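Contents: one structure, followed by commentary.
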Amino acid sequence: MLSIKNLCAKIGDNQILNGIDLEVKPGEIHAIMGPNGSGKSTLASVLAGREEFEVTDGSVEFLGKDLLAMSPDERAREGIFMAFQYPVEIPGVSTVNFMKTAVNQVRTHRGLPALDAVSFLSLMKEKMKLVDIDQSLLNRSLNEGFSGGEKKRNEIFQLAMLDPRLAILDETDSGLDIDALRIVADGVNKLMTKDKSIIVVTHYQRLLEYIVPDFVHVLYKGKIVKSGGKELALELEAKGYDWVKDSVAA
Amino acid sequence: MSKDIIEEFTSREYEHGWTTNIEVDAAPKGLNEEIIRFISAKKNEPEWLLEWRLKAYRQWTRMKEPTWPNVKYPPIDYQDIIYYAAPKQKARPESLEDVDPELLKTFEKLGISLVEQKRLTGVAVDAVIDSVSVATTFKETLAELGIIFCSFSEAVQKHPDLVRKYMGSVVPVNDNYFAALNSAVFTDGSFCYIPKGVRCPMELSTYFRINAANTGQFERTLIIADEGSYVSYLEGCTAPMRDEHQLHAAVVEIYAMKNAHVKYSTVQNWYPGDKEGKGGIYNFVTKRGLCAGEHSKISWTQVETGSAITWKYPSCILKGDYSSGEFYSVAVTNNYQQADTGTKMIHIGKGTRSRIVSKGISAGHSQNSYRGQVHVLKRAEGARNFSQCDSLLMGDKCGAHTFPYIDVENNTAHIEHEATTSKIGEDQIFYCQQRGIDEESAVALIVNGYAREVLKQLPMEFAVEAQKLLALTLEGSVG
Amino acid sequence: MTTNAIDTNPTLLGVSSGAIDSIPSLATLRDETFRHLQEVGFPGPKNEEYKYTPLTRALEKLSLDDQEGTGTVNLADYAIPDLDATVVAFVNEKCVTSLPETEGLIVKPLQEALSEGKGINHFAKIVDAQSDAFVAWNTLAWTYGFYIEVPAGKTLTKPLVILHVSDGAVRKAARNLIVVGRNAQCTVIQMFASTGKGASYVNVVTEGFVDENARLDLYAIQADMPGQIQFNQTRVLQKDNSRVNSYAFTLGGKLVRNNLALALDGQGCESHMYGLYLLNGDTHADNHTVVDHIKPNSFSNELYKGIMDDTSRGVFNGKIYVRPNAQKTNAFQSNRNILLSTDAKVNTKPQLEIWADDVKCSHGCTTGQIDEDALFYLMARGIPRSTARAMLLYAFAGETIDAVSLPPVQQYLAQRVSQRLQRNDF
């Protein structure tokens, strides 16, 4: 589904990614872990198409297409969804209105007819249950005045609405208490199917207890320095990131 | 943000820039007492009105064009303007069948159907082309309720007492340079009277269109809302694309008696000039409402997207005790447009209230100024005002300015004013894009969100048009 | 014949033998300024900048005849308790204290400094003599004032207090130039007072140059000055990473006009402006401020508060300019007013002019009165009305006093203000 080869990227004069190789197949859950500043969130941003980052080398193929040649909205319409670490507030634009615009653009791209108001509302009702989000919240301006937990739940709600092929969860667990974390993770798990994939970017092992990865990769100084199964996450938790740093230095 | 998209959108053509081949009957260029006599004679006006015009003209010749607005333009040659141009018609049509089909087509093209039976929404329209009212719809339906809705010229003939009593009572002849000019040369406009206790069952609408070249448009609107009445009034305007600037100096007066409520909405889409700043309308307009009676209310809502220069301050004189005034405005400028717009809220009566919500959006090389005054006079016990003036900047070649004057002479008044300036966040656009929304739609979505508080004041049909206009003027001009 | 504070006759302009006449290198400036002032004259009531403050008319009406001073001025009356400061005092135009001798610091009469060529690069360059008629007049008429130079790297531990006392009916003009070198730091406090019979007219212009990474704290305390008409203009030019704190406390006077302008001509500058005008009687106080963001990445914050009683009038005009280059500017302004009497007035005009897009700017202003609910709440707890009122007013005004960085000055102001508020007649 996603094939990253020797991906290098910088912001300004700061080289952050130094040759990432990663293969994600349908139905797989990959976790990207690493200490602060290792390039985790940069990788997520580059995949989503943030323009501040300049790709200096390498390639990314998504479902057989050159991902790097696409604009962020094209990537989204092709099926990439990023749950933001810091969801953005847009005053005056309700989540409902926002989602209606997005869903219909994505549907048009997939050759499906745009949803009318009634079917859109019923789709929304169905997905709202998944993340236990309240209708009144969705009628308010997008993310404006939302609590941290509400913002993250809104991200997963949008994930459900847009039905992407690959979801990238960027530090989705940060700032969540355990109950909120469980709701968010449950939502994600319910959405997971055989032909979908997830990349979970996280600093802590905590989220991975709920969204269990098939593979864990450790990112350090812009490179994947270690890969393994879900045990690797536990080992990291136990030994700390210094263990990785030391083993790289060695 | 990609420069191509900016290019694509800022170069987008003005949609209403076509002209129609309507035969016009015009006065020679220039302004003098003879021209005024000519206009007055053409309109078969009573002697008092001619005198009124001449008085205005004489005052105007002694006045100076204001220089305080934050706009720049080359001097206007007032002798190089045609002050009277009327579509040639045999006589004022008695019904729509008599209207020149070219004219009807003109309005069809603007999306305004003058054919009554086709209208489902029930908006009565007075269509004004080159300063002359060409058709008024739904007159009979309104007449049953005692509502008078007709062209200004017709009102002069049929309701001279009302016209004579109220014309100039809100905007005096010598109020300002452009109002004096208008008073001297106005050719037509709309007139509306809502009798005591009547709630006007449909939106009343005037559609203004400048068509002829070298013509100034000087229309005049007078709305009188008698005790306890209600009316919602809409105004729209367009003009063809021409290389030379054209002058539009209108006057709108609203007189609200006890418990009357008037809602006046404008979507102003005069030709703004091309992307180099060539051509476009100079829009110098005086709009003012007098809340004469207690508990009366006047609301102004404006969406300003057009004109090369806008100079306009729809205001409320809150004379009646407990009367209230509102001003909701979205002013968008792009390319080389300049707007200096805002409002005055003059609190005279006890317990008067006013609310100002102004949203400025500047893009391209434009300059956008909010200028407003909240004046609480000594007698205005317990007056309240809340003002919110926000500016949104798109690109680094435009400017946003706010000039609010707050003058308080009563110690029981509560006045609050807030203003912010910001830009559309790159992160907001990226967030929308990540959900699959393309950049143009993302900007439209964000701008409409920003302007929502104002747009929601507009009647449904107008709101849709306004949203489209905003998107059209701005999409992609984020730098 | 009566002598007016300002003769508006263009050939006289009330200017005779200012210090500038004795400095040959400034002859051209003098002549040009004189010609300019002759040409434009003093601002009339239609002048937008003086719309609410008819200074020219007030000065024309002000007669300086037959008014006697007391002849004895007790400087201790104006001391700020516990403040370890260097104090220089002027009674009318005469310096009555010795000049301070602080190691490394240069403090000398401006006339003397300019004659030696010191400060000549900055004099009348930070404030354009033609920018305002009263500045022009000051440039021609000033007779005293200081040149203060803090060399690079030097931190002036003691604040410098300049006390301007007007004894009797006087007309005087003072001029200061403060140059703060790189990484240097200093505090200058100007206090104004008047004694004796009759009105006085004081015109002060202070220019400041704050070099890279330097800091200047400026105070204007206008408290015990009955009958005084004052024009006080301060303009400071800031370089990269410099910081300026300005405090203006107007507690009295007949008619006070403060023009304060900060030009942020550097990146990473920080500017704070605080003002309090606490007015009663027929005092008229007008604060015009300008923050001019010329370069990127700077921050400014402004808070001005006013309480007006009796027939007093407060005027606030705050401009924020953000120039096309000044991206990433953060500029905030707030003006809050309380009107206590039916005859008090306030005119406020906050003004934003922005030509850069990546900025965060806001201004807010309010006019209101004491919160009656809060007043009732306090009274319900047994606090007498007048005390409760004073408490609430102090809570309102106190925000500006809390921002004062020198504790003794803060205490002094807190005491002065709360005393004023506790008086029943206020």
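The values are calculated or read from the model by the stated rules, or taken from the named source; none is laboratory data. Source: prediction; values computed, not measured. Cβ coordinates were reconstructed from backbone atoms using ideal geometry, including for glycine residues, and neighbour counts include every protein chain displayed. Note: areas computed on protein heavy atoms with side chains; ligands, DNA, RNA excluded. Shrake-Rupley method; radii C 1.70, N 1.55, O 1.52, S 1.80 Å.
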*For region B:392-409, enumerate the residues that are open to solvent by less than 30 Å² (accessible area, probe 1.4 Å), at the interface with chain C (Cβ under 7 Å from one of its Cβ atoms) and either closer than 11 Å to B:G360 by Cα or not in a strand (DSSP E or B) (or both).*
B:L393, B:M394, B:G395, B:G399, B:A400, B:H401, B:T402
_Could you tell me how many of the residues in region B:120-171 are modelled with pLDDT under 70 and open to solvent by 50 Å² or more (accessible area, probe 1.4 Å)?_
2
_Positions within region C:375-410 being small (G, A, S), touching a residue at least 60 places away in the same chain (Cβ under 8 Å) and part of a helix (DSSP H, G or I), in sequence order_ = C:A397
_One residue from C:D343, C:D371 being free of Cβ contacts under 8 Å to residues at least 60 places away in the same chain, more than 9 Å from every other protein chain (Cβ to nearest Cβ) and open to solvent by 60 Å² or more (accessible area, probe 1.4 Å)_ = C:D371
_As an exercise: evaluate C:P296 against (1) closer than 19 Å to C:R235 by Cβ; (2) at pLDDT below 95; (3) open to solvent by less than 50 Å² (accessible area, probe 1.4 Å) and give the number of the one condition it does not meet._
(1)
*Hits in region B:420-433 (condition: crowded, with 24+ Cβ neighbours inside 10 Å and farther than 22 Å from C:N325 by Cα)*: B:Y431, B:C432, B:Q433
_For the condition open to solvent by 10 Å² or more (accessible area, probe 1.4 Å), out of contact with any helix residue (DSSP H, G or I) (no Cβ under 8 Å at 6 or more places or on another chain), under 23 Å from C:F134 (Cα atoms) and in contact (Cβ under 8 Å) with a residue 60 or more places away in the chain, what is the one hit in C:L237, C:L255?_
C:L237
*asked:* Looking at C:V210, C:V202 in this structure, which one is farther than 18 Å from C:I178 by Cβ, touching a residue at least 12 places away in the same chain (Cβ under 8 Å) and either open to solvent by less than 10 Å² (accessible area, probe 1.4 Å) or aliphatic (A, V, I, L, M) (or both)?
replied: C:V202
_Matching entry among A:Q135, A:Q158 (being within 22 Å of the chain's Cα centre (by Cα) and open to solvent by less than 60 Å² (accessible area, probe 1.4 Å))_ = A:Q158
*Residue satisfying all of: in region C:271-307; among the β-branched types (V, I, T) and part of a loop (DSSP other than H, G, I, E, B); nearest to C:Q190 (Cα to Cα) among these*: C:T283
_Selected residue (criterion: farthest from A:Q158 (Cα to Cα)) from residues of region B:412-447 that are among the polar types (S, T, N, Q) and more than 7 Å from chain A (Cβ to nearest Cβ)_ = B:T412
*asked:* Return the residues of region C:162-177 that are crowded, with 23+ Cβ neighbours inside 10 Å and touching a Ser or Thr at 6+ places or on another chain (Cβ under 7 Å); say none if nothing qualifies.
replied: C:V165, C:S166, C:A169, C:A173
*asked:* Out of the residues in region B:448-459 meeting the condition of being assigned to a loop (DSSP other than H, G, I, E, B) and not polar (S, T, N, Q), tell me which one is farthest from the other protein chains (Cβ to nearest Cβ).
replied: B:P459
*Among the numbered criteria (1) at the interface with chain A (Cβ under 10 Å from one of its Cβ atoms); (2) of a type in the set (A, V, I, L, M, F, W, C); (3) over 23 Å from C:V359 (Cα atoms); (4) in contact (Cβ under 8 Å) with a residue 60 or more places away in the chain, which single criterion is violated by B:F462?*
(1)
*Considering only region A:42-69, state which residues are surrounded by 21 or more Cβ atoms within 10 Å (Cβ to Cβ) and assigned to a helix (DSSP H, G or I).*
A:T42, A:L43, A:A44, A:S45, A:V46, A:L47, A:A48, A:L67
*Check every one of the helices (runs of 4 or more DSSP H) wholly within region B:1-113 and list those with 1 or more residues that are surrounded by 13 or more Cβ atoms within 10 Å (Cβ to Cβ) and modelled with pLDDT of 60 or more.*
B:33-42, B:47-62, B:101-109
*asked:* Going residue by residue through region B:353-376, is there one that turns out to be open to solvent by less than 10 Å² (accessible area, probe 1.4 Å), at the interface with chain C (Cβ under 10 Å from one of its Cβ atoms) and over 25 Å from the mean Cα position of the chain (by Cα)?
replied: yes
*When the residues of region A:84-113 are filtered to those that are in a helix (DSSP H, G or I) and hydrophobic (A, V, I, L, M, F, W, C), which remaining residue is surrounded by the fewest Cβ atoms within 10 Å (Cβ to Cβ)?*
A:V96
*Quick one: how many residues across region C:258-270 are outside any strand (DSSP E or B) and either closer than 24 Å to C:N138 by Cα or open to solvent by 10 Å² or more (accessible area, probe 1.4 Å) (or both)?*
3
*Give the residues of region A:173-187 that are open to solvent by less than 10 Å² (accessible area, probe 1.4 Å) and either in contact with a helix residue (DSSP H, G or I) (Cβ under 6 Å, 6 or more places away or on another chain) or within 12 Å of another protein chain (Cβ to nearest Cβ) (or both), sorted by residue number.*
A:D173, A:V184, A:G187
*Filter the strands (runs of 3 or more DSSP E) completely within region B:239-307 down to those with at least 3 residues that are in contact with a strand residue (DSSP E or B) (Cβ under 6 Å, 6 or more places away or on another chain), farther than 20 Å from B:F178 by Cα and open to solvent by less than 10 Å² (accessible area, probe 1.4 Å).*
B:261-268, B:297-304
*From the residues in region C:94-117 that are in contact with a strand residue (DSSP E or B) (Cβ under 6 Å, 6 or more places away or on another chain) and not hydrophobic (A, V, I, L, M, F, W, C), which one is nearest to C:T187 (Cα to Cα)?*
C:P100
